[in-house]
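Just so it is clear, none of the values below were taken in a lab; they were calculated from the coordinates. Please read these numbers as outputs of a predicted model, since none were measured by experiment. As a convention, Cβ positions derive from the backbone with ideal geometry for all residues, glycine included, and neighbour counts pool all protein chains shown.
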Amino acid sequence: MSSVAGVPYRMKLRRKRASDEVTIATISLEAFSEYSANAGSGTVAMCDERGALSFVAVVDDEVCGFAVLKLTGGSEGHLLAIAVAAPARGRGIGTRLLHGVIDAAAANGVRVLRLVTAEANLGALEVFLAAGFSIEHREPAYYPRGQDAVSMQLPITR
Ligand SMILES: CC(C)(COP(=O)(O)OP(=O)(O)OC[C@H]1O[C@@H](n2cnc3c(N)ncnc32)[C@H](O)[C@@H]1OP(=O)(O)O)[C@@H](O)C(=O)NCCC(=O)NCCS
């Protein structure tokens, strides 16, 4: 049981199902349209890429976030996307999703988890830095709409 401002909520993480796709597309459109023209369908397709493990966060029986981990078959993994529906942000859901991804990466033999996020996305940077990621490089004009990004990495030692 978690709580925010003293109000408890139950959250579980589970693997994504086909029936989650409309919700994932909706959350993704809201979260990523400023970076990509096909944020909804593009993210849903990403969930089913070869090597992808996709997770959803369920609070009170409602899917309110998702994350996509890509396994390469080697010791590297990539967090391709993570997002929480706007009304559910700031309650620790993104952090718990991220730790679920890190656990899944460790269980699959990943030694270094990498991701790319927008340089100006201070909320996401805060969440990733707090989980132990560090910034590797700046990636100028990385996104189709021209924003700069940073690549980040987390060594997994367990
Ligand atoms: C990034 C994201 C997934 C974080 O999810 P979340 O559920 O809001 O995160 P949490 O509630 O676990 O926040 C963890 C910490 O980060 C901080 N934080 C979260 N969003 C923040 C923001 N926009 N600005 C500043 N700090 C922020 C919180 O204050 C919290 O710190 P605290 O525990 O000390 O209070 C969510 O903001 C989101 O979906 N953003 C849009 C999509 C995105 O940018 N994804 C990442 C790039 S792939």
* Pull out the extension gain between Arg15 and Ser151, defined as 0.36 nm times the separation in residues minus the alpha carbon to alpha carbon distance; nm, one decimal. => 46.4 nm
* Where does the longest stretch of the chain lie that holds no GluC sites (Glu not before Pro) found in a DSSP loop with 14 or fewer other Cβ atoms within 10 Å? -> 50-158
* Treating the Cα atoms of the stretch 8-155 as identical point scatterers in vacuum, please give the log10 of the normalised Debye intensity I(q)/I(0) at q = 0.20 Å⁻¹, two decimals. => -1.39
* To do: For the stretch 152-158, take each phi angle, set θ = phi - 60°, evaluate the Karplus expression 6.51 cos²θ - 1.76 cosθ + 1.60, and give the result in whole Hz per residue in order, putting x for glycine and proline.
  => 10, 9, 10, x, 10, 10, 7
* **the chain - mean residue ellipticity at 222 nm from DSSP helices (-39,500 (n - 2.57) per run, n ≥ 4, rounded to 500)** => -8500 deg cm²/dmol
* What is the sum of charges around Gln147, taking Lys and Arg as +1, Asp and Glu as -1, for the other residues whose C-beta is under 11 Å from the C-beta of Gln147? -> -3
* Asked: Do you know the relative contact order of the chain, to the nearest whole percent, from alpha carbon pairs under 8 angstrom that are 6+ apart?
  -> 18
* **Spin-label pair Arg158/Ala120, simplified geometry with 7 Å Cα→Cβ offset, distance in nm** => 3.7
